[in-house]
Every structure is written in C-alpha cells, then in structure tokens.
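K.L.:
Take this structure, written in structure tokens, and hold onto it; I'll ask about it next.
The values are calculated or read from the model by the stated rules, or taken from the named source; none is laboratory data. Treat the numbers as computed from the prediction; the structure is a model and nothing was measured. Here Cβ is always computed from backbone atoms with ideal geometry, including for glycine, and neighbour counts include all displayed protein chains. We work out accessible area using only protein heavy atoms, side chains counted, and drop any ligands, DNA or RNA first. Shrake-Rupley method; radii C 1.70, N 1.55, O 1.52, S 1.80 Å.
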Amino acid sequence: MSMSEQQTLKHQVTLLELVDRVLNRGVVVSGDITLSVADVDLVYVGLRVLLSSVATLEESRERISATGAGP
Amino acid sequence: MIHLYGVVEELAELPPAVVGVDEGPLERHRVEGLELIVSRTVERNDVTQAAVLSHANVVEELMARSGAVLPARFGHTFTDEQELAAAVKTKASELARGLKLVRGCLEFGLRALSGDRASQNTPGEPSGRDYMRTRLAEEKARQRLAEELHEPLARLSRASTRFGGASPDLLQAAYLVPRRDVAAFGDEVRRLEAAHADLTIVCTGPWPPYTFAANGEGEA
C-alpha cells in the first residue's frame, strides 16, 4: 500500500469512526431509542453523505494546490 | 424541539461562536444536579450531514472546556423542557455513574486490518477435513494476534471494548485512556505498528467518550 493510499484509508476510517460514534454510541437519555436511529440503513445514508462531501472537499483542495492558487 | 448534545461537568462557559444543529444557540439546563447542553431545533426524520457534523462539533467543543462530558447519541429530540427533564430524571444515577467513569479520560479508536488471508491462497483442492483444520488454525492465529494488539492497550486504559465479531477487520476496539497515560498509549500504538508491519493499524482520536458514555447503564 502506498503512502497516499494509506492516508486515504486512515481518513476514511476516521470518518467511519466519527459517524459510528455520533449515531451508534453516546448515551441515550430518552426512555427509548427512536426508530430512525435504530435503523441501520440510516447510518450508511449518513456516512455516504459525509464521505461524498469530504471527497468533494478533498478534490477542491487538490485543485487549489495543483494550481498553486488560494481560494 | 430540543436537541441534546450531552451532560457536562465543570463547564466554565459555553464555547463562544459555536452554534448547534440548525444554527440554534447553545443553552445550559440543570436537572437533578446534572448539567445538560441543548439547542432548539426543528423536527426532522432524516439525518443530514450538516446536523451530524454540528453535533460532533459541539461535543468536541464541550470536551475542550469541561471537567467531563457524556456525549448524547444523535437522533432523539425532545418536544419540550418537561420531556427532557423527565427523561434525565429517570436516568440520573446512570448518568452520574457515566460521568464518573469518563472523567479525566479521552477515547481512542483502533482498527487493525490484516494484509492477506492465507486461506485464499491455498493451492489445490484440500479435503473438507483439511480445509476445516486449516481454517480453525487460521482463526486461532487471528484471535491470538488480535489479543496481542488489544491486551497492552487495554492495560493502559480505564475501560476498553472490542467490536465487530463478524467484521473482516482483525480488531476493532475503543479505549478510554486517562489523560496522563495518553503519551504511553501513543508509544504503545507505535510499538505495535512497528512490530506488526504487515498489518494496517489505524488509531483514531482523541474522541469525546461516546463509546463509554452508556457504560453507566451497564451497556458496553
């Protein structure tokens, strides 16, 4: 695995860990967990949205560094 | 609707210039001696990226300013103060226990991904019995390796949890590490990385203690 592949992987794992924590862990104060959160699909919907947004962000960063110009 | 971020202890002041989900300003509420951080929000049925990131951001900011934070799980909103107070009251002792557990600690996540799977490279057509023997030996070796990674890190932690029984990852775990042991924990992760160069080990954190927030309920 190359260094840049490693970096990408670490980045994705970090995001996965973030979303997993916010949506699946943490204390549930209410008596019952809402159905929407118990629904596994939701985690992946949220994750997909998050990952795609980060990919977009990275792309725009790469474009900026490639042209050597700031935003 | 009221969105709960978490229960805090010794929060000097609300993080300045930090807004919650839907840009709502943060508020402090006290119920049964517990301090709750909330904001007003609209009712919704979906999870948006912005809302998840806002929640995570607020919890991180509280973590940086408090003696202890018990992060709330995203997803449940309360209709009003009465509903929130009633929910907190029924859980007050668990929440107090949770705060005591996480006080002075940071959370770290670890995932170890194994490089190759020897079973996929077995040449020829082994008999069913040989195949099962090989698989069993491999599984034992995997478990031993996972334990070799987990055990020294767990020893430096106040609490630890392993996840993902069915996951292809060799090890998925979370560790609740006292602040004074964070440097030693980092050294241990680097030692494990060096000792197992064939594995991809990803350590993430420090996180607010999401994984251990519910431990007061006796849930891992």
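K.L.:
Give just the number: which of (1) open to solvent by less than 40 Å² (accessible area, probe 1.4 Å); (2) touching a residue at least 40 places away in the same chain (Cβ under 8 Å); (3) more than 21 Å from residue A:19 (Cα to Cα) does residue B:96 not satisfy?
P.N.:
Condition not satisfied by residue B:96: (1).
K.L.:
For residue B:59, indicate whether it is open to solvent by less than 70 Å² (accessible area, probe 1.4 Å) and touching a residue at least 60 places away in the same chain (Cβ under 8 Å).
P.N.:
Yes: the conditions hold for residue B:59.
K.L.:
If you don't mind, another one. State which residue pairs qualify: first residue facing chain A (nearest Cβ under 9 Å) and closer than 24 Å to residue B:100 by Cα and inside the stretch B:23-52, second residue open to solvent by 20 Å² or more (accessible area, probe 1.4 Å) and assigned to a strand (DSSP E or B) in any location, beta carbons under 8 Å apart, and separation of 6 or more residues or different chains.
P.N.:
Final answer for the pair search is B:36/B:28; B:36/B:29; B:36/B:30.
K.L.:
State all residues of the stretch B:61-94 that are at the interface with chain A (Cβ under 10 Å from one of its Cβ atoms), within 20 Å of residue A:25 (Cβ to Cβ) and either in contact with a helix residue (DSSP H, G or I) (Cβ under 6 Å, 6 or more places away or on another chain) or not hydrophobic (A, V, I, L, M, F, W, C) (or both); if no residue qualifies, say none.
P.N.:
B:70, B:71, B:73, B:74, B:75, B:76, B:77, B:78, B:91, B:94
K.L.:
Scan the stretch B:141-149 and tell me whether some residue there is crowded, with 17+ Cβ neighbours inside 10 Å, touching a helix residue (DSSP H, G or I) at 6+ places or on another chain (Cβ under 8 Å), at pLDDT 90 or above and among the small types (Gly, Ala, Ser).
P.N.:
No; the residues of the stretch B:141-149 include none that is crowded, with 17+ Cβ neighbours inside 10 Å, touching a helix residue (DSSP H, G or I) at 6+ places or on another chain (Cβ under 8 Å), at pLDDT 90 or above and among the small types (Gly, Ala, Ser).
K.L.:
May I ask you to verify whether residue B:173 is open to solvent by less than 20 Å² (accessible area, probe 1.4 Å) and within 27 Å of residue A:3 (Cβ to Cβ)?
P.N.:
So residue B:173 fits the description; yes.
K.L.:
Further question: Among the residues in the stretch B:203-220, are any farther than 15 Å from residue B:107 by Cβ, open to solvent by 40 Å² or more (accessible area, probe 1.4 Å), of a type in the set (D, E, K, R) and out of contact with any Pro (no Cβ under 8 Å at 6 or more places or on another chain)?
P.N.:
Taking every residue of the stretch B:203-220 in turn, at least one turns out to be farther than 15 Å from residue B:107 by Cβ, open to solvent by 40 Å² or more (accessible area, probe 1.4 Å), of a type in the set (D, E, K, R) and out of contact with any Pro (no Cβ under 8 Å at 6 or more places or on another chain).
K.L.:
I'm checking my understanding of the structure. Among residues of the stretch B:1-22 that are more than 25 Å from residue B:100 (Cα to Cα) and within 22 Å of the chain's Cα centre (by Cα), which one is surrounded by the fewest Cβ atoms within 10 Å (Cβ to Cβ)?
P.N.:
Ranking the qualifying residues of the stretch B:1-22, first place goes to B:20.
K.L.:
So, in the stretch B:23-34, how many residues would count as being over 17 Å from residue B:54 (Cα atoms) and surrounded by 16 or more Cβ atoms within 10 Å (Cβ to Cβ)?
P.N.:
Of the residues in that region, 2 qualify.
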